[in-house]
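Read the structure below first, then the notes.
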Amino acid sequence: MLLGSTVVVALIASGCDGLWYHIENDCELMLTCEKYRGRGSEVVPPGCVPSEIDGAIDDTCGVFVASTGNDDNAGTRAEPVATLAEALRRAADKGTEAYACAETFEEAVEVPVGIKLFGGLDCANGWRWIGETAKTVVAPGEEPIALKVMPGEGAVRIEDVSVHAANAQALGASSIAVLVDGAEVELVRCELIAGNGADGAEGEDAPSEVPAQASPGNAGTDACSDLDTSGAPDVTLPGGAQVENACGGALSIGGEGGAGRVNNGGDGATSQSTEETARGGVGEAVSGVWDCGGAEPNGRGDDGSTGIPGEAGLAASGPGTLSSSGYVGASGEAGRAGIPGQGGGGGGGAKGGAAICADGMPGAGASGGSGGPGGCGGLPGQGGGAGGASIALASVEGKVTLKDCVLKAGNGGKGGAGGDLQPGGAGGLGGVGGIGVGGSKNACAGGQGGQGGNGGPGGGGLGGPSLAIAYRGEAVRQEGQTTLTPGTAGSGGPGGSSNVAENAGAEGVSAAEQEFP
């Protein structure tokens, strides 16, 4: 190229206009042909491929970058720019190549379409190629993707560059050395080294405090305690009113107490909390034997049953997803809330009879207490987050060729543990029965409300994968002495509440290559 430039200058100086015209229109000699200088060109001008020449790269080949440079410089060997980002931007604008010293650049890099980036140059000794022994290192700090090739038409070629992704820091984040987003890329003598994926976030625990115990049922009314409008004793005394326990969108209701009457006591009502009900106590028949707690039948309200526990959250499984944004694993699912306990049945009412109230007038017997409502169900634990991946090369609908490259992944992050469940709350006590008068029996108490069902524990998160190559679409082509070394995959997160439901997340995958849907 220097010879060509010298010849042109000499011809101009000698006034050989006719000969100059022919040289000026010889794009091969002037290195101005489209195949040499157009953006997206697959051919680099002769003398501009560092590994193919014995000597320095000429300034006319492209833009030069060194860590000691300045982004306001001209971008020549003598005045290089300081950042790869600036060198690639200028090279893309000019349709030339970018040349980097065998130094470390602490920046995340986005490579535009059609760019050729040559690393491994000894900028202290004439910009000669030393790529076999020293490479240009791309090593950003906490960026999740160290180098990304942008989508578009035109091939990208990268030689003698070592890309190091740091260990991921944010919960569930991945470490990816190189991500190719829908581009055609050739990587030659490159090293792609990913750090470790971060552990997944733990699922949020349900509140540790047990829900408050439900309110008790209402007491029944004592015999002869009320008078009707004529001053005579009432012939019917209503049982204790039902009590409700609202639990968010759910409701548990204790059964109403049985009425007290002159000739017989009324049955207590059943509860109204779930499809199943607790029956009320049985009132005393005229000739029956009164019993509030012995052999069946008896007048005490039945206790409500315990609420159904909430379902455990599903454990995370599957490969996760690969996109232009990177890798995202599957989180465990949240559990379900427990069902409120069943309300207790109402207690049976007693009969009154003749000559039990004041002045010897007949009156109603005592009425039964209402059943206590069921306790609220416990809240569920949330699902654990997925562990982050460690991926040396991720190709998303790209066309990638590796030549004599080294790919090494770190370890995948552990899946997050599922959140712990909240136990269900205690049911309300049954209301006491009314007291008999003048030889009449006491009424019966309502049944106690059932315990609320426990919430479901959260599912464990998926363990992060460790992959030398992850791809979606076309498989990555490998040539020469390319080596692939995965690390250790992350373990799945345990299910909540010490994995009581055995819903731990699946372990991640460790593989040299992994295809994603």
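The values are calculated or read from the model by the stated rules, or taken from the named source; none is laboratory data. Because the structure is predicted, anything quoted here is derived from the model rather than measured. Glycine also receives a Cβ, built like all others from the backbone with ideal geometry; neighbour counts cover every protein chain displayed.
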field: Matching residues, region 455-486, being of a type in the set (S, T, N, Q) and within 24 Å of the chain's Cα centre (by Cα)
entry: Ser466
query: Counting only residues that are in a loop (DSSP other than H, G, I, E, B) and closer than 13 Å to Ala194 by Cβ, which one in region 130-145 is farthest from the chain's Cα centre (by Cα)?
result: Ala139
field: region 154-180, subset of a type outside the set (A, V, I, L, M, F, W, C) and in a loop (DSSP other than H, G, I, E, B), residue modelled with the lowest pLDDT
entry: Gly154
- request: State which residue is modelled with the highest pLDDT when the search covers only region 219-258 and only residues that are part of a strand (DSSP E or B) and over 18 Å from Thr306 (Cα atoms).
  value: Leu237
message: Out of the residues in region 143-180 meeting the condition of being farther than 24 Å from Ser331 by Cα and among the acidic types (Asp, Glu), tell me which one is surrounded by the fewest Cβ atoms within 10 Å (Cβ to Cβ).
response: Glu153
- prompt: Are any of the residues in region 475-487 within 29 Å of Thr321 (Cα to Cα) and buried (at least 22 other Cβ atoms within 10 Å of the Cβ)?
  reply: yes
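Per-residue answers, yes or no, for (1) part of a strand (DSSP E or B); (2) in contact with a helix residue (DSSP H, G or I) (Cβ under 6 Å, 6 or more places away or on another chain); (3) free of Cβ contacts under 8 Å to residues at least 60 places away in the same chain; (4) among the hydroxyl-bearing types (Ser, Thr, Tyr):
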residue	(1), (2), (3), (4)
Gly446	no, no, no, no
Ala468	yes, no, no, no
Tyr471	yes, no, no, yes
Ala475	no, no, yes, no
Gln481	no, no, no, no
Ala489	no, no, no, no
Ala501	no, no, no, no
Ala506	no, no, no, no
Ala511	yes, no, yes, no
query: Would you pick out the residues in region 407-424 that are out of contact with any Ser or Thr (no Cβ under 6 Å at 6 or more places or on another chain) and buried (at least 24 other Cβ atoms within 10 Å of the Cβ)?
result: Leu407, Gly413, Gly415, Gly416, Ala417, Gly418, Gly419, Gln422, Gly424
